[in-house]
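Chemist: First the structure, which I've put down as structure tokens, then a few questions once you've had a look.
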Amino acid sequence: CGWWGGEVEIEPAELVDFQAEKEVQVLWSSSVGSGLGEKFNKLSLAVNGEVIYALDVDGKVFAVNRGDGKEIWKTDLDTPILGGVGVGPNHVAVTTESGEVVMLNADDGAEMWRQQLSSETLSPVQMNTDIAVAQLQNGKLVAMDISTGKRLWSYDSQIPRLTLRGTSSPIVASNVTIAGFANGKLVAVRNDSGAELWERQVTVPEGKTELERLIDIDARPLYINGVIYIVSYQGRLVAVSASDAQILWSQKASSYQSLAAGFGNIYVSQENGFIEAFDQRSSASVWRQTALENRQTTAPEVLGTTVAVGDFDGYLHFMSQVDGHFVARYRVDSDGMRGDMAVVDDVLYVLGNSGRLVALQLN
Amino acid sequence: QSFTVEDVRLEGLQRVEPGLVLRNLDIDSGQSVDQSEIAEATRRVFRTGYFDDIRIARDGNVLIVRVQERPAVSLIRLEGNKVLEDDALLEGLKQNGLREGDVFKRATLEKIRQDLLRMYAGQGRYGAAIEAEVEPLSENRVALNIDIKEGKVATIQHVNIVGNTVFSDEELKDEFSLKLPGFWDFFSDSDKYAREKLAGDLERLRSYYLDRGYINFTIDSSQVSLSPDKKHVFITVSVTEGEKFSVGDVTVAGDLVVDEQELLDAITVAKGATFSRREMTESQDALVRKLGDKGYLFANVSPVPKINDDNTVNLQFFIAPGKQTYVRRIAIKGNTKTADVVARRSISQMEGGLVSSAAIERSKQRIAQTGYFKDVNVETAPVPGTDDQVDLEYSVVEDNTGNFSASVGFSQTSGAILNLSVEQDNFLGSGNSVGFGITQSDTITEYKFSYVEPYYTVDGVSRGYNIYSRETHYDEENVSNYSTDTLGAGVNFGYPMDDYQRLNFGFNFEGIKVKPSNDVSQEVTDYIDLEGDSFNIFNVQLSWSDNHLNRKIFPTEGYSQSASIEIGVPGSDLSYHKEQYKGRIYYPLSEDSEGLIGSLRGRLAFAGKLGDNEYPFFKNYYSGGLSSVRGFDSNSLGPRDSKDDPFGGNVAIDMSAELIFPVPFIKDSSSMRTLLFADAGNVFLTECPVGSSGCDNGIKLDELRYTAGFGFSWLTPIGPISIALSKALNAKDTDDERFFEFALGRTF
Amino acid sequence: CSEFPGVYKIDIPQGNVVTQEMVDTLRPGMTQNQVRYVLGTPLITDSFNNNRWDYIYRNQSGETGTITQQRLTVLFDANGNLSGFAGDFRPGGNQQ
Amino acid sequence: CSWFGGDEKEAPDVPEQQLYQEALDMLESANYVAAIEKLQLLEARYPFGRFSDQAQLELIYAYHKNYESEAARATADRFIRLNPNHENLDYALYLKGLTAFEKDRTFFEKYLPIDETQRDPGSALESFQSFQQLVSRFPNSQYAPDAQKRMTYLKNRLATYEMHVARYYVKREAWVAAANRGRYVVENYQQTPAVPDALSVMVLAYNELGMTDLAADSQAVLDANFPGYQSNIQLAKKESLLSTATFGLLGSNDSPRPVQTAKPDQPETKERSWFSRLTFGIFDNEAESDK
């Protein structure tokens, strides 16, 4: 309670020391653009084949070779970018602050088409072979033809006026798209017409104030052999069977980060910084790591036998998937980390807030 | 089995009133009760929530009710709250039914946490965290210790408008009151998110488009989102602009009780112009006012836009006049010192007469123009039981300047003033202005009596007279050194030419004796040789004034101008003519009434000789000082006589531009005014006065002096005080500059 | 000419404005409320005569000083119904 | 760990009886501010205590004596609302009337020769109503006689105020306004000294309005109740501008203006030209403006 500080805030937990069991090896690292800005936008990178696509908040999109980090091409849209990078068969999509979806050619970064939407798109545009679906901040899904950008259909879900910043990002399968909304609903729509197939209420809002009633689904639905796992803010972690949309099990949880899975567990990076593992079948809580309280942990990624999580100070924490004890730690970016990470062939790719792109391995 | 209760005895009561228990028990002596009725009574008492345990026993025919009171909260201790003070929080809890001395009920703890969290959420502090626990005290009382972490206020991180093509984001965001944290955001709270402010901003955004022709503009969605750490707020507004429309033909329909052309003239919306909702509403108000002037106070005008497909919109104003309304009674409130008639005579709306909204408003302005009141408001209340009669109530706030200004004053020009005069416009609240007294200072000794009755007749014909004897030592007032003894008497009267203009006439007699002091300047001695040193002058003054200011004390709007001519009538010892024009205009620069006001002021004066005698130098104009060009010693500008003392001139020009801004840091600043000013002015001599060895005569505009500075006026109970801090911009080394000027008895 | 040459005097409108059309719609036997609806609320209801209403209109023009005056007295019978009227208006309409 | 917070002021738990006694002593020694503080504490700490009713009454009295008329009125209203049939409710009503009676006369104005009846009656009405409630509900209360006297004073003051306004409207020649003001006095303030003047105004106004029958009625009532009463209210004499300017030396007084009954199609009078206004209408030719 400092004399000048005035406002007393909730303090993030200090770093605990531990016996490192694995050693972090950095394959390569390079600096990409001017970073992700402070507007709390989760500008996540994306990997497609041998190429990593990253971006910065001022509108520059980079394609970098996955092996050595060398830049393949760079396009400058010269307008602020809001959503992360979406990748398709031969396409790279980003969304701008003025509400446009810009589709670039994956080979050379040339602009293929541009489509004006009615609101901001804060999460990566998802694509399958022929349609690209953007999820807007005002609760709309808009599907566009992947080659021409022509609007095919749009689905509107009524969301409350006060929501959490950021949206989930839909799974676009061959004939159905599954998306989680800020009203705590998980919805499946037909790709051909946008008509609603089914809708499940993941969490029911309680409490009086708008604050207590926030139940956004900002995590991306996770599909593992026939079951969709989804978590909402101030609500529940739920497993839904993809075939008949029945809720298999649910556990109390609160997270706005995407999920990860490994060793039969589902890993949740809770809102208060706790990392928890739930058994995929029985939903029992296998272990819970509480040392990262209030450190604004990012979405978890599974790397080998560990599960990795970044935090607001830019530290990358590796925990054993078996019981959650710390295995290694490495500081990626002093500006902190927000975006989602990516793992391909046991290599973890991380884009820090200052624009530092790192590829690293554990051994 | 039941038994008749002879008496009821209560045991274990400490704080709660016996009456409360008995009322809920609801068993009175002589009533026969059985087991189930007693159980029911116990449940009723228990439901009051004051008791932990209730046991009913029977002693013969006496019912014994033994209660165990729940602990009372004797103290609520708050820890860690800085932004919301203790009593603000306690007050909030009290409103939700929890205060010291209350009984501590089970759900109280959780309720406290929720109430406090809600209070902080209301302040935009979504990140607050609160823990409350109970600490038992002696005598069945408890203390509640509440530990608060207030967290930061959620600031606006990002305002984004999507879908706007015609106007840029920056242009639109200027209209918002919610701003991104600016460099001085610690001062304003415009970056703190509040839902009502957002609603207001969206309305301003809509008006911005509707006022520029985009009649089909819609706001599709306005999304407010919060960062997970609850410190930042993001606002996204998606809009559809639609086409730009211009005005088609404008018509008036419905029960036109006033001839159509007069109504059409009141409408400012022109055919072919870009459609603007603001203009449409202004025209609507103009029509309502026009109908109000003709007695239809409750008239209703509704503009009906009809959209054509050629991007034009036809506007039809539909008129529903309602009944002609009359004023039954006019009440005047708040005048504890001023007589009712003094305010009532300025009201042109008559009791028992047809209502005219223009007259009601104009009367409010006329009362304010008397200068006796600091603030005037009018309210119209329909008379119950009738649909065509209203009562008016003019509420005034009296100017608190005291009746007497027997004061010891000080001003640069005349040093310490010992002033035992009663200078009172609204003498004893009679509305007449009376002045008598003695003023003694090193430049002026004056005995005077003046009396003016502004409303000698009921239509505002004013009449008054004054008698004075004054000895002015100009040498003290750093003007050429001579002094004058004047004995004068005069009569004046005036009358209104219309609602705003007045004509005033004055007939005065002056006996002036000029006394040159020892080293007097050549001009004075030569003048006296030529014309002698004592004169009896009979002069006639005719002045015209046109006053549209909204009030006399610290006007904020409107203009006023006056032109006057004074003729020393040929045949008296000295004849001359003096003409003067003065003008002032105030113009509010920002919509809200408390904002900036610009004002311009100007004086143009000319004088010359009439008949055979030379123009009397002691009737010269002077410039410099608080009333003309601030920043120069008073009367020091203009030509100098042979003794290098200011001689004045027969032509005077001064102008001033002022920027009036709200008084910072002071809440009730209705009796203060702060302004920045730029003055310019000087006096000139068209031809050299007799006896001067050569003077730079003629009106030379490059001789005008410019100054700029800060002015402050304050209406204190003992009289108005004015202060000016000014800097001359093009002073010559011979000028006497004056950085700080102060005077009691004048306001800017 | 007016005795204060040039002095601006305000008009002094007093009383209810009553027009011939209003008078024409009057029917004997009307209740007080019906009369009030047609003619408006009378500004003069004398304290000593409660079965008659006086609609007087007087305007003293500020410009010319001339006074225009117009008067209508409405009379009610014992149980408060319109029984007749007098004043500067010709009884128009189909007077029963 | 607040930097300035200091320790939570731990109000000692003074028993109810002692607190009330201390408050009474303060009242005795006319230390009203301290008394108010003690009584407020008592009310907060022991809302249902034995002394709460009596404490309320003492609080109203303390506010009144401390010139806090707003607080006194509010506390009195709350007391009357909370215990409608309390035995010394009359005291509360009396105090409420008293504070309104003194309310708008600031210290300064009491000593200036200002005719109070010409000023805003405002709280006089409120004071009158409180006393009226007191007298009607507690006719034999010890405060009733004094309340009655104050009511008559207030009634006279309100009536005189009405007459001042009536005189202005006579001077203004707004006859409907004057008649209604007169009528208001006659109907609301019967036994006050202003009634004869009110009747005279009604007679004058009705005559000027040409309603001679109504004028006769009023005159009859005036003669019946105040035989031979000569009121000083009459038509303001017309003075020409010249005579005003020269204090009556020159210029003549004109006769009252001609009365015209309105012809239904009254011609719109011509807007006076600027020239004729500036030259006082002297150069207007006869035909142009109708005399």
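The values are calculated or read from the model by the stated rules, or taken from the named source; none is laboratory data. Not measured: the values here are computed from a predicted model. Cβ atoms come from the backbone with ideal geometry, glycine included; neighbour counts cover every protein chain shown.
Chemist: Can you confirm whether segment A:167-189 contains a residue that is charged (D, E, K, R) and away from chain B (no Cβ under 14 Å)? Please lay out each step first, then the result.
Modeler: The initial filter retains those residues of segment A:167-189 that are charged (D, E, K, R), namely A:185.
Imposing the further condition that a residue be away from chain B (no Cβ under 14 Å) reduces the set to A:185.
Checking segment A:167-189: at least one residue is charged (D, E, K, R) and away from chain B (no Cβ under 14 Å).
Chemist: Can you tell me which residue within segment B:559-613, out of those that are of a type in the set (Val, Ile, Thr), out of contact with any His (no Cβ under 8 Å at 6 or more places or on another chain) and without any contact (Cβ under 8 Å) to a residue 60 or more places away in the chain, is farthest from B:Asp533 (Cα to Cα)?
Modeler: The initial filter retains those residues of segment B:559-613 that are of a type in the set (Val, Ile, Thr), namely B:565, B:567, B:569, B:585, B:597.
Filter once more, keeping what is out of contact with any His (no Cβ under 8 Å at 6 or more places or on another chain): B:569, B:585, B:597.
Filter once more, so that each one left must be without any contact (Cβ under 8 Å) to a residue 60 or more places away in the chain: B:569, B:585.
On the way: B:Val569: 18, B:Ile585: 42 Å.
Applying the filter and picking the extreme gives B:Ile585.
Chemist: Please verify whether B:Ala132 is closer than 24 Å to A:Leu211 by Cα, away from every other protein chain (no Cβ under 14 Å), at pLDDT below 75 and out of contact with any Gly (no Cβ under 9 Å at 6 or more places or on another chain), treating the condition exactly as stated.
Modeler: Numbers: closer than 24 Å to A:Leu211 by Cα: yes; away from every other protein chain (no Cβ under 14 Å): yes; at pLDDT below 75: no; out of contact with any Gly (no Cβ under 9 Å at 6 or more places or on another chain): yes.
No; evaluated as a whole, the condition is false for this residue.
Chemist: It is to be established whether one or more residues within segment B:456-469 are under 23 Å from B:Ala607 (Cα atoms), within 40 Å of the chain's Cα centre (by Cα) and of a type outside the set (A, V, I, L, M).
Modeler: Applying the first criterion (under 23 Å from B:Ala607 (Cα atoms)) to segment B:456-469 yields none.
Among the residues of segment B:456-469, not one is under 23 Å from B:Ala607 (Cα atoms), within 40 Å of the chain's Cα centre (by Cα) and of a type outside the set (A, V, I, L, M), which makes the answer no.
Chemist: With the requirement that a residue be assigned to a strand (DSSP E or B) and loosely packed, with under 14 Cβ neighbours inside 10 Å, what does segment B:36-51 give you?
Modeler: Restricting attention to segment B:36-51, the residues satisfying the condition of being assigned to a strand (DSSP E or B) are B:51.
Matches in segment B:36-51: none.
Chemist: Can you tell me which residue is farthest from B:Gly292 (Cα to Cα) among those in segment B:321-337 that are more than 7 Å from every other protein chain (Cβ to nearest Cβ) and in contact with an Asp or Glu (Cβ under 6 Å, 6 or more places away or on another chain)? Before you say what the answer is, go through the steps one by one.
Modeler: Residues of segment B:321-337 that are more than 7 Å from every other protein chain (Cβ to nearest Cβ), as a first pass: B:321-322, B:325, B:327-331.
After this cut, where a residue has to be in contact with an Asp or Glu (Cβ under 6 Å, 6 or more places away or on another chain) as well, the list is B:321, B:325, B:327-331.
Values: B:Pro321: 9, B:Thr325: 9, B:Val327: 12, B:Arg328: 16, B:Arg329: 18, B:Ile330: 17, B:Ala331: 20 Å.
So the residue we want is B:Ala331.
Chemist: Right, another one. Restricting to segment B:603-637, name every residue that is at positive phi and within 36 Å of the chain's Cα centre (by Cα).
Modeler: Scanning segment B:603-637 gives B:Gly624, B:Gly625, B:Gly631, B:Asn635.
Chemist: Continuing with this model, one more query. Looking at (1) within 30 Å of D:Leu42 (Cβ to Cβ); (2) within 11 Å of another protein chain (Cβ to nearest Cβ); (3) modelled with pLDDT of 75 or more, which is the only condition B:Arg99 fails?
Modeler: (3)
Chemist: Hey, among B:Val651, B:Val629, which residue is within 25 Å of B:Tyr559 (Cβ to Cβ) and buried (at least 24 other Cβ atoms within 10 Å of the Cβ)? Talk me through it step by step, then tell me what you get.
Modeler: Working: B:Val651 fails: buried (at least 24 other Cβ atoms within 10 Å of the Cβ).
None of the others qualify; the one that does is B:Val629.
Chemist: In addition: Answer yes if at least one residue in segment D:167-184 is crowded, with 20+ Cβ neighbours inside 10 Å, in contact (Cβ under 8 Å) with a residue 60 or more places away in the chain and not aromatic (Phe, Trp, Tyr), and no otherwise.
Modeler: Scanning segment D:167-184, I find at least one residue that is crowded, with 20+ Cβ neighbours inside 10 Å, in contact (Cβ under 8 Å) with a residue 60 or more places away in the chain and not aromatic (Phe, Trp, Tyr), so the answer is yes.
Chemist: Being charged (D, E, K, R), within 24 Å of B:Asp229 (Cβ to Cβ) and touching a helix residue (DSSP H, G or I) at 6+ places or on another chain (Cβ under 8 Å), is that true of even one residue in segment A:188-207? Step through it out loud before you land on a result.
Modeler: As a first pass, look at segment A:188-207 and keep what is charged (D, E, K, R): A:190, A:192, A:196, A:199-200, A:206.
With within 24 Å of B:Asp229 (Cβ to Cβ) added as a condition, the list becomes A:206.
Next, only the ones that are touching a helix residue (DSSP H, G or I) at 6+ places or on another chain (Cβ under 8 Å) stay: none.
No, segment A:188-207 has no match at all.
Chemist: Go through (1) surrounded by 14 or more Cβ atoms within 10 Å (Cβ to Cβ); (2) part of a loop (DSSP other than H, G, I, E, B); (3) touching a residue at least 40 places away in the same chain (Cβ under 8 Å) for B:Pro228 and report which single condition fails.
Modeler: Of the numbered conditions (1) surrounded by 14 or more Cβ atoms within 10 Å (Cβ to Cβ); (2) part of a loop (DSSP other than H, G, I, E, B); (3) touching a residue at least 40 places away in the same chain (Cβ under 8 Å), the odd one out for B:Pro228 is (3).
Chemist: Could you say which residue among A:Ser269, A:Ser232, A:Ser258 is within 14 Å of another protein chain (Cβ to nearest Cβ), surrounded by 24 or more Cβ atoms within 10 Å (Cβ to Cβ) and over 30 Å from B:Gly122 (Cα atoms)? Before the answer, list the steps.
Modeler: On the way: A:Ser269 fails: over 30 Å from B:Gly122 (Cα atoms); A:Ser232 fails: over 30 Å from B:Gly122 (Cα atoms).
When all the criteria are applied, what remains is A:Ser258.
Chemist: Take segment B:511-532 and flag every residue that is touching a Phe, Trp or Tyr at 6+ places or on another chain (Cβ under 8 Å) and either crowded, with 16+ Cβ neighbours inside 10 Å or part of a helix (DSSP H, G or I) (or both).
Modeler: Matches in segment B:511-532: B:Ile512, B:Val514, B:Pro516, B:Val520, B:Ser521, B:Glu523, B:Val524, B:Tyr527.
Chemist: Tell me which residues, restricted to segment C:5-26, are surrounded by fewer than 20 Cβ atoms within 10 Å (Cβ to Cβ) and either of a type in the set (D, E, K, R) or more than 10 Å from chain D (Cβ to nearest Cβ) (or both).
Modeler: C:Asp11, C:Val17, C:Glu21, C:Met22, C:Asp24, C:Thr25
Chemist: Give me a count of the residues in segment D:168-187 that are assigned to a helix (DSSP H, G or I) and facing chain B (nearest Cβ under 7 Å). First the steps, then the outcome.
Modeler: Initial filter on segment D:168-187 (assigned to a helix (DSSP H, G or I)): D:168-172, D:175-187.
With facing chain B (nearest Cβ under 7 Å) added as a condition, the list becomes D:168-169, D:171-172, D:176-177, D:180.
Adding up the residues that qualify gives 7.
Chemist: If you take the residues in segment B:383-396 that are free of Cβ contacts under 8 Å to residues at least 60 places away in the same chain and surrounded by 15 or more Cβ atoms within 10 Å (Cβ to Cβ), which one is nearest to B:Arg345 (Cα to Cα)?
Modeler: Filtering segment B:383-396 down to residues free of Cβ contacts under 8 Å to residues at least 60 places away in the same chain leaves B:383-386.
In the following step, the residues that additionally are surrounded by 15 or more Cβ atoms within 10 Å (Cβ to Cβ) were identified as B:383, B:386.
On the way: B:Val383: 23, B:Thr386: 27 Å.
Ranking the qualifying residues of segment B:383-396, first place goes to B:Val383.
Chemist: Name the single residue, out of those in segment A:133-148 being in a loop (DSSP other than H, G, I, E, B) and surrounded by fewer than 17 Cβ atoms within 10 Å (Cβ to Cβ), that is farthest from the other protein chains (Cβ to nearest Cβ). First the steps, then the outcome.
Modeler: The initial filter retains those residues of segment A:133-148 that are in a loop (DSSP other than H, G, I, E, B), namely A:136-139, A:146-148.
Okay, now just the ones that are also surrounded by fewer than 17 Cβ atoms within 10 Å (Cβ to Cβ), so A:147-148.
Details: A:Ser147: 25, A:Thr148: 22 Å.
Result: A:Ser147.
Chemist: Here's something else I'd like to know. In this structure, is B:Ala154 at the interface with another protein chain (Cβ under 8 Å from one of its Cβ atoms), within 36 Å of the chain's Cα centre (by Cα) and not β-branched (Val, Ile, Thr)?
Modeler: Numbers: at the interface with another protein chain (Cβ under 8 Å from one of its Cβ atoms): no; within 36 Å of the chain's Cα centre (by Cα): yes; not β-branched (Val, Ile, Thr): yes.
So B:Ala154 fails the test.
Chemist: Another question about this same structure. Please find, within segment A:312-333, the residue that is farthest from A:Ala261 (Cα to Cα) out of those that are in contact (Cβ under 8 Å) with a residue 40 or more places away in the chain and assigned to a loop (DSSP other than H, G, I, E, B).
Modeler: A:Asp313
Chemist: Looking at A:Val16, A:Val51, A:Val64, A:Val57, which is the one that is without any contact (Cβ under 8 Å) to a residue 60 or more places away in the chain, of a type in the set (Val, Ile, Thr) and away from chain B (no Cβ under 12 Å)?
Modeler: Details: A:Val16 fails: without any contact (Cβ under 8 Å) to a residue 60 or more places away in the chain; A:Val64 fails: without any contact (Cβ under 8 Å) to a residue 60 or more places away in the chain; A:Val57 fails: away from chain B (no Cβ under 12 Å).
When all the criteria are applied, what remains is A:Val51.
Chemist: Looking at D:Val165, D:Val221, can you tell me which residue is within 14 Å of chain B (Cβ to nearest Cβ) and assigned to a helix (DSSP H, G or I)? Let's see the steps before the verdict.
Modeler: On the way: D:Val221 fails: within 14 Å of chain B (Cβ to nearest Cβ).
Only one candidate passes the filter, namely D:Val165.
Chemist: Related question: Please find, within segment C:8-54, the residue that is farthest from B:Ser363 (Cα to Cα) out of those that are assigned to a loop (DSSP other than H, G, I, E, B) and in contact with a Pro (Cβ under 7 Å, 6 or more places away or on another chain). Even if it seems obvious, please write down each step before you answer.
Modeler: Step one: filter segment C:8-54 for residues assigned to a loop (DSSP other than H, G, I, E, B), giving C:8-11, C:16-19, C:25-30, C:40-43, C:45-51.
Now drop any that are not in contact with a Pro (Cβ under 7 Å, 6 or more places away or on another chain), which leaves C:8, C:16.
Values: C:Tyr8: 15, C:Asn16: 22 Å.
The selected residue is C:Asn16.
Chemist: If the requirement is being modelled with pLDDT of 80 or more and closer than 19 Å to B:Leu596 by Cβ, which of these qualifies: B:Phe712, B:Phe684, B:Phe647? First the steps, then the outcome.
Modeler: On the way: B:Phe684 fails: closer than 19 Å to B:Leu596 by Cβ; B:Phe647 fails: closer than 19 Å to B:Leu596 by Cβ.
Just a single option satisfies the conditions, and that option is B:Phe712.
Chemist: One residue is enough: does segment C:56-73 have a residue meeting the conditions more than 9 Å from every other protein chain (Cβ to nearest Cβ), in contact with a Gly (Cβ under 6 Å, 6 or more places away or on another chain) and within 10 Å of C:Asn16 (Cβ to Cβ)? Write out each step before concluding.
Modeler: Just the residues of segment C:56-73 that are more than 9 Å from every other protein chain (Cβ to nearest Cβ), to begin with: C:72.
If we keep only those that are in contact with a Gly (Cβ under 6 Å, 6 or more places away or on another chain) too, we end up with C:72.
Keeping just the survivors that are within 10 Å of C:Asn16 (Cβ to Cβ) gives C:72.
For segment C:56-73, residues more than 9 Å from every other protein chain (Cβ to nearest Cβ), in contact with a Gly (Cβ under 6 Å, 6 or more places away or on another chain) and within 10 Å of C:Asn16 (Cβ to Cβ): present.
To keep it simple, each residue is scored yes or no on (1) within 30 Å of B:Arg141 (Cβ to Cβ); (2) modelled with pLDDT of 85 or more.
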{"site": "D:Lys9", "(1), (2)": "yes, no"}
{"site": "D:Leu24", "(1), (2)": "yes, yes"}
{"site": "D:Glu28", "(1), (2)": "no, yes"}
{"site": "D:Glu58", "(1), (2)": "yes, yes"}
{"site": "D:Lys65", "(1), (2)": "no, no"}
{"site": "D:Ile80", "(1), (2)": "no, no"}
{"site": "D:Gly97", "(1), (2)": "no, yes"}
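Chemist: Being more than 14 Å from chain B (Cβ to nearest Cβ) and surrounded by 19 or more Cβ atoms within 10 Å (Cβ to Cβ) is true for just one of D:Leu209, D:Leu214. Which residue is that?
Modeler: On the way: D:Leu209 fails: more than 14 Å from chain B (Cβ to nearest Cβ).
After ruling out the rest, the residue left standing is D:Leu214.
Chemist: Still on this structure: Collect the residues in segment B:5-20 that are modelled with pLDDT under 80 and of a type outside the set (Gly, Ala, Ser), keeping them in residue-number order.
Modeler: B:Leu13, B:Gln14, B:Arg15, B:Val16, B:Glu17, B:Pro18, B:Leu20
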